1. Just need a number here: residues in region 247-272 that are without any contact (Cβ under 8 Å) to a residue 24 or more places away in the chain and either among the charged types (D, E, K, R) or in contact with a strand residue (DSSP E or B) (Cβ under 7 Å, 6 or more places away or on another chain) (or both).
2. I'd like the full set of residues that are of a type in the set (Gly, Ala, Ser) and open to solvent by less than 10 Å² (accessible area, probe 1.4 Å), limited to region 171-191.
3. Give me the residue from region 113-127 that is over 30 Å from Ala172 (Cβ atoms) and of a type in the set (A, V, I, L, M) and, out of that set, least open to solvent (accessible area, probe 1.4 Å).
4. Can you tell me which residues in region 290-306 are assigned to a loop (DSSP other than H, G, I, E, B), surrounded by fewer than 20 Cβ atoms within 10 Å (Cβ to Cβ) and not hydrophobic (A, V, I, L, M, F, W, C)?
5. If you scan region 211-231, which residues turn out to be part of a strand (DSSP E or B) and either of a type in the set (Val, Ile, Thr) or open to solvent by 30 Å² or more (accessible area, probe 1.4 Å) (or both)?
6. Can you tell me which of (1) on the phi < 0 side of the Ramachandran plot; (2) in contact with a Pro (Cβ under 9 Å, 6 or more places away or on another chain); (3) touching a residue at least 60 places away in the same chain (Cβ under 8 Å) is the one Ala284 doesn't meet?
7. Answer yes or no as to whether Asp234 is outside any strand (DSSP E or B), touching a His at 6+ places or on another chain (Cβ under 6 Å) and among the charged types (D, E, K, R).
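The values are calculated or read from the model by the stated rules, or taken from the named source; none is laboratory data. The structure displayed is predicted, hence computed values, not measured ones. Quick reminder, even Gly has a Cβ in these numbers, built from the backbone with ideal geometry, and neighbours come from all protein chains shown. Only protein heavy atoms, including side chains, enter the accessible area calculation; ligands, DNA and RNA are left aside. Shrake-Rupley method; radii C 1.70, N 1.55, O 1.52, S 1.80 Å.
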Amino acid sequence: MRLKRLHIRYYPPGIFLDYEKGGQLRTKSIDLLNLTPETDVNELLSDIRAAEPLITSSCVEQVKVLICRLQEKVSQKDDRKFYLFRVLINTDQSCTNIFGFITGSYDRTCKIWDTASGEELHTLEGHRNVVYAIAFNNPYGDKVATGSFDKTCKLWSAETGKCFYTFRGHTAEIVCLAFNPQSTLVATGSMDTMAKLWDVESGKEMSTLAGHFAEIISLSFNTTGDRLVTGSFDHTAILWDVSTGSKVHVLTGHRGEISCVQFNWDCSLIVTASLDKTCKVWDADSGQCLATLLGHNDEVLDVCFNYTGQLIATASADGTSRVFSAETFQCLCQLEGHKGEISKVCFNPQGSRVLTASVDKAARVWCVNTGVCLQVLEGHSDEIFSCAFNYEGDTIITGSKDNTCRIWH
């Protein structure tokens, strides 16, 4: 093995190693999820050298420089206020979803937007029914997948708007989808109780994942791309082996429909949210339930980890959000202030802020440490169903049933 190049990853903190093995260029990462302003850089460097044979004396100084840059980033104060930058008028139909800066719509189209200018770059036309699920192939950003009530998924060029493939095979509406982190596969989940894996290069179906007894409502790949978890209205989540399409574990214990599933960054944990008013945290290796996160008095509609996987945020129909420790499973703070159910929750990349979207027509930015509401983003005239930060955490987009998306800088 021969190291070719080192490059930095800010969120979550880490260093990519490009190396040559057997004549092929490969990449691996050193995750620095516990890096803090107080971390002893020399001690960390020593630990990295002991664990990673690619880090030799010739590149130690370069690694140290990258760690110091990451430490600077972690140390930055985050007191940003967000102001309305652009209002994007989607169509004469309301939005159904936003992902990054794509919008899907009831008018059967999907639009790609330039957030710097607020200009529409492409309209993706071709579906015969509502476009409900959308995804970019982050971090590459050159492809878009759209899932529709017409039972198909389409793969598009984000740069030209051209449709590469239409994936056919589901017998009911597609309601969730995701690219694997390597951008070689698309997973689709459907009301037909099946998930399917599709090859991005050839457009061919790779696997049908059959095992649920009701519609699949959520799915998520792990970081390495070798596992997929699906959540269903049958009250279970299933962990799948991506290469074989076989079941690894069935996660049972919820007493209501699953609304959301997600892996943490290091692939060790899965979190599930349910209409039974709880979330559960599972060991991804054993399939055992490690904890049930209690406290909400109505359905939990969304759940997510922060980038480092150390925190979990929940969103509930009871109008509150909560932040839990992914290590102790204790509730660290309650986010109270919305006047209606919260349908979406996410962390900023730095992990210092939580963003929530509500039917009360407002989005809110919260301090993770104190639970204090730092800002209310108002202006939408109907319920907000989706919200997201960009990669740097300096831009927010909100999507509403009022037929607009708003960009906040």
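1. Result for region 247-272: 1.
2. Ala187, Gly189, Ser190
3. Ranking the candidates gives Ala116 first.
4. Within region 290-306, Gly295, Asn297, Asp298, Glu299 meet the criteria.
5. Selection gives Ile216, Ile217, Arg227, Val229, Thr230.
6. (2)
7. Yes; evaluated as a whole, the condition is true for this residue.
To keep it simple, each residue is scored yes or no on (1) closer than 30 Å to Glu43 by Cα; (2) assigned to a strand (DSSP E or B); (3) at pLDDT 75 or above.
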{"residue": "Glu72", "(1), (2), (3)": "yes, no, yes"}
{"residue": "Asp79", "(1), (2), (3)": "no, no, yes"}
{"residue": "Phe82", "(1), (2), (3)": "no, no, yes"}
{"residue": "Arg86", "(1), (2), (3)": "no, yes, yes"}
{"residue": "Gln93", "(1), (2), (3)": "no, no, no"}
{"residue": "Ile98", "(1), (2), (3)": "no, yes, no"}
{"residue": "Gly104", "(1), (2), (3)": "no, yes, no"}
{"residue": "Arg108", "(1), (2), (3)": "no, no, yes"}
{"residue": "Lys111", "(1), (2), (3)": "no, yes, yes"}
